[in-house]
Amino acid sequence: MGAWGSGPFENDDACDWLDELADGGVAALREALALADDAEYLEAPDGSVVVAAAEVVARMAAAASDDEPEEADADAELPDEVTAFLASCGPPATTLIAAARAALDRVTADDSELRELWQDAEGGAWQAAIDDLKRRLAQR
């Protein structure tokens, strides 16, 4: 796993997926979140993409509601592709928010390689970031 931090865009797989977001928009978000549904065992690369897509959905919802960025959000620098996407998109459909919530539940399930890798690496920061993301999505 090429990761340099616990944030949603701090790994190679999420960064590689950003090109798909730039090209495919909301359809790319839906496809990324669907990765959580497609396998009995969720591999780490797919899990990383799911987390990145869920973060984009949470940012879309916050932007649509004119929420001030929370302190944790304000500290996180977004990749240019995400910033450009957020500037051009509207609010997320409720089905997209629900898909993001369900996908995150799958990433943190027992049959998720990403969860296993972070657990093995004493990933308290990763789990805290996922919990924060789940909380932000639950508010929508």
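The values are calculated or read from the model by the stated rules, or taken from the named source; none is laboratory data. Note that the structure is a prediction, hence the values are computed from the model and not measured. Neighbour counts are summed over all protein chains in view; Cβ atoms, including those assigned to glycine, are modelled from backbone coordinates with ideal geometry.
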Checklist outcome for this item: Note on Glu77: of the conditions (1) touching a Phe, Trp or Tyr at 6+ places or on another chain (Cβ under 9 Å); (2) modelled with pLDDT of 95 or more; (3) surrounded by fewer than 17 Cβ atoms within 10 Å (Cβ to Cβ), unmet is (2)
Next on the checklist: So Ala138 passes all but one of these: (1) more than 12 Å from the chain's Cα centre (by Cα); (2) of a type in the set (A, V, I, L, M); (3) modelled with pLDDT of 95 or more. Which condition number does it fail?
Outcome noted: (3)
Next on the checklist: Condition (residue is small (Gly, Ala, Ser) and exposed (fewer than 13 other Cβ atoms within 10 Å of the Cβ)) applied to segment 90-98: is it met by at least one residue?
Outcome noted: yes
Checklist entry - Any residue in segment 80-87 that is at pLDDT 95 or above, part of a loop (DSSP other than H, G, I, E, B) and out of contact with any Gly (no Cβ under 8 Å at 6 or more places or on another chain)? => result no
Item to check | Condition check for Ala39: among the small types (Gly, Ala, Ser) and either in contact (Cβ under 8 Å) with a residue 12 or more places away in the chain or closer than 17 Å to Ala87 by Cα (or both) | outcome: no
Checklist entry - Taking segment 106-125 as the region of interest, how many residues are surrounded by 13 or more Cβ atoms within 10 Å (Cβ to Cβ), closer than 20 Å to Leu35 by Cα and not aliphatic (A, V, I, L, M)? => result 7
Next on the checklist: I need the full set of residues from segment 8-20 which are in a loop (DSSP other than H, G, I, E, B) and surrounded by fewer than 20 Cβ atoms within 10 Å (Cβ to Cβ), in order please.
Outcome noted: Glu10
Next on the checklist: What are the pairs with Cβ atoms under 6 angstrom where one residue, in segment 16-28, is small (Gly, Ala, Ser) and the other, located anywhere, is in a helix (DSSP H, G or I)? Sequence gap at least six, or different chains.
Outcome noted: Ala22/Glu81; Ala28/Glu20; Ala28/Leu21
Next on the checklist: If I ask for residues that are in contact with a Lys or Arg (Cβ under 9 Å, 6 or more places away or on another chain) and crowded, with 19+ Cβ neighbours inside 10 Å, which ones from segment 126-135 would you list?
Outcome noted: Trp126, Ile130
Next on the checklist: Would you confirm, using the coordinates I've provided, whether Ala39 is under 20 Å from Asp111 (Cβ atoms), at pLDDT below 95, surrounded by fewer than 24 Cβ atoms within 10 Å (Cβ to Cβ) and over 14 Å from the mean Cα position of the chain (by Cα)?
Outcome noted: yes
